[in-house]
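Colleague: Structure provided below as structure tokens; questions to follow.
The values are calculated or read from the model by the stated rules, or taken from the named source; none is laboratory data. Treat the numbers as computed from the prediction; the structure is a model and nothing was measured. Ideal geometry is used to build each Cβ from the backbone, glycine not excepted, and the neighbour counts take in all protein chains shown. All accessible areas refer to the heavy atoms of the entire protein, side chains included, with ligands and DNA or RNA removed. Shrake-Rupley method; radii C 1.70, N 1.55, O 1.52, S 1.80 Å.
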Amino acid sequence: MSVKYGILTLLFLQKNHGYELKLELESHLGAKGKINPGQIYTTLDRLIRDQLVLSIGMDDQERKLYEITMEGKKELENWLLEPVPYHSTKEDFHFKWSCARKIDFEQEKKMLDQQKAMIMKDVMELTKFKTEFLLQGDENRYLLITGTLLHLEADLNWINQIENRNRL
Amino acid sequence: MIKVRNLKKEFIQGQERTQVLKGFDLNIEEGEFVAVMGPSGSGKSTLLQLLGGLDVPTEGDIVINQSNLSNMTEKERTIFRRKYIGFIFQNYQLLPTLSVEENIAFPLHADGSLTKKKNQIIIELLDSVGLKGLGRKRANLLSGGQQQRVAIARALVNNPSVLLADEPTGNLDRGKAEEILGLISRFNRENNQTIIMVTHDIFAAGFADRIILFKDGVIDQVISRKGDDYAKYVANFMA
């Protein structure tokens, strides 16, 4: 999960303070385990430095309030629309999709189509390797790829399920 | 090699008109392995029927090997089909009481009697689909996977330039499906046969070079395998 984009998602909805962002991230976006408060504040500092977030003063309980900028919204939108490669362990499409749903992202269909295309490309490429390994008698690699392909297939079925339900 | 232009197909039943294919273009290169995917009713099987000359479009052109199927008479289409097209179906469509050899030879009878050379082709095909020694066995005594192998051999007996497969592994388990798909892609590589396969299964579609996604009678997305650089990347990833 990316704390950076989690924060941008929550600030897209409304201005907020650091502690609430931490709690929201933990409860709504499927973050695994607790998030270290230090991680929230260092990420917010970086977001302010990069002009994606503004610090707009204090709330009535003297907590620092943060607001997303136009650049921040654009950054979030670009990230949402970027398909997630399977081999990337840094990002997770499930998390990204949760962020999109949270903000009622208008381009959800495009996002799903692009992710589907990326999965299909991966499947075609890996199937080619799988066949080669099978012909070479490389049983271990053949089984490794088979496992990866089953994960990709599950991801694709999940996206199809979302699309089917969106049509209802 | 296959050019489809503004392809439309409408079915009329009583007062009701159903437009299954709504007008699209498609080019398929010689020797390409293409998978056609899409939800039920999206028009993918209809496309296969039209490409195989089993039905005619309401509008548009299908050009295979420089011959326009849309301009042919029914008889001309039948001759064209026998010469250039091979079919593989989900339910094999074998003649159950005939032997394996007789099933494979069936398309040859339409062109006249069996010659020694044609008999030799059947023996070679039996071997290449992994059914050596089973030629005399009755088709309905074979397993599903073996029956599909017979169907593949039958589809290839005329050495067609285009092989059309409609859910060829739909009735098979994963292991058998993988064997059949491996066989189909081997013929694609070795004989440069163009393959167009309709499937709902990404596992099967993964064997293709290109996936065409159909939706509501038109092409929704076309997805090609990545270039060589990506192939190297994946290879490293798997290492």
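Colleague: What about B:ALA153, is it closer than 20 Å to B:GLN93 by Cα and at pLDDT 90 or above? I'd like the intermediate steps shown before the answer.
Modeller: Working: closer than 20 Å to B:GLN93 by Cα: yes; at pLDDT 90 or above: yes.
Here the answer is yes, as B:ALA153 does meet what is asked.
Colleague: Here's another thing I want to ask about it. Exactly one condition in (1) of a type in the set (D, E, K, R); (2) within 14 Å of chain B (Cβ to nearest Cβ); (3) open to solvent by less than 30 Å² (accessible area, probe 1.4 Å) is not met by A:LYS96; state its number.
Modeller: Just one mismatch for A:LYS96, condition (2).
Colleague: Something else: Would it be correct to say that B:ILE219 is in a strand (DSSP E or B) and at the interface with another protein chain (Cβ under 9 Å from one of its Cβ atoms)?
Modeller: Numbers: in a strand (DSSP E or B): yes; at the interface with another protein chain (Cβ under 9 Å from one of its Cβ atoms): no.
No; evaluated as a whole, the condition is false for this residue.
Colleague: Right, something else. Checking the conditions here, which among A:LEU126, A:LEU150, A:LEU80, A:LEU144 is within 9 Å of chain B (Cβ to nearest Cβ) and open to solvent by less than 60 Å² (accessible area, probe 1.4 Å)? Spell out the reasoning first.
Modeller: On the way: A:LEU150 fails: open to solvent by less than 60 Å² (accessible area, probe 1.4 Å); A:LEU80 fails: within 9 Å of chain B (Cβ to nearest Cβ); A:LEU144 fails: open to solvent by less than 60 Å² (accessible area, probe 1.4 Å).
Only one candidate qualifies: A:LEU126.
Colleague: Could you list, ordered by first residue, the pairs with Cβ atoms under 8 Å in which the first is in segment B:50-61 and over 18 Å from B:GLN19 (Cβ atoms) and the second is assigned to a loop (DSSP other than H, G, I, E, B), at least 6 apart or interchain?
Modeller: Qualifying pairs under 8 Å: B:GLY53/B:MET72.
Colleague: Please give the helices (runs of 4 or more DSSP H) falling wholly within segment B:125-215 in which 3 or more residues are of a type outside the set (Phe, Trp, Tyr) and open to solvent by 10 Å² or more (accessible area, probe 1.4 Å).
Modeller: Of the helices (runs of 4 or more DSSP H) lying wholly inside segment B:125-215, those with at least 3 residues that are of a type outside the set (Phe, Trp, Tyr) and open to solvent by 10 Å² or more (accessible area, probe 1.4 Å) span B:144-156, B:174-191.
Colleague: Let me ask something else about it. Quick one: A:PRO85 ticks every box in (1) part of a helix (DSSP H, G or I); (2) in contact (Cβ under 8 Å) with a residue 12 or more places away in the chain; (3) out of contact with any Phe, Trp or Tyr (no Cβ under 9 Å at 6 or more places or on another chain); (4) within 14 Å of another protein chain (Cβ to nearest Cβ) except a single one, so which number is it?
Modeller: Among (1) part of a helix (DSSP H, G or I); (2) in contact (Cβ under 8 Å) with a residue 12 or more places away in the chain; (3) out of contact with any Phe, Trp or Tyr (no Cβ under 9 Å at 6 or more places or on another chain); (4) within 14 Å of another protein chain (Cβ to nearest Cβ), A:PRO85 violates only (1).
Colleague: Starting from segment A:112-123, keep only residues that are within 7 Å of chain B (Cβ to nearest Cβ), then list their pairs with residues that are open to solvent by less than 20 Å² (accessible area, probe 1.4 Å) and not hydrophobic (A, V, I, L, M, F, W, C) whose Cβ atoms are within a distance under 6 Å, requiring at least 6 positions of separation or different chains.
Modeller: Correct list of pairs: A:VAL123/B:GLY206.
Colleague: Also, quick follow-up: Which numbered condition in (1) without any contact (Cβ under 8 Å) to a residue 60 or more places away in the chain; (2) open to solvent by less than 70 Å² (accessible area, probe 1.4 Å) is the only one that B:LEU94 fails?
Modeller: (1)
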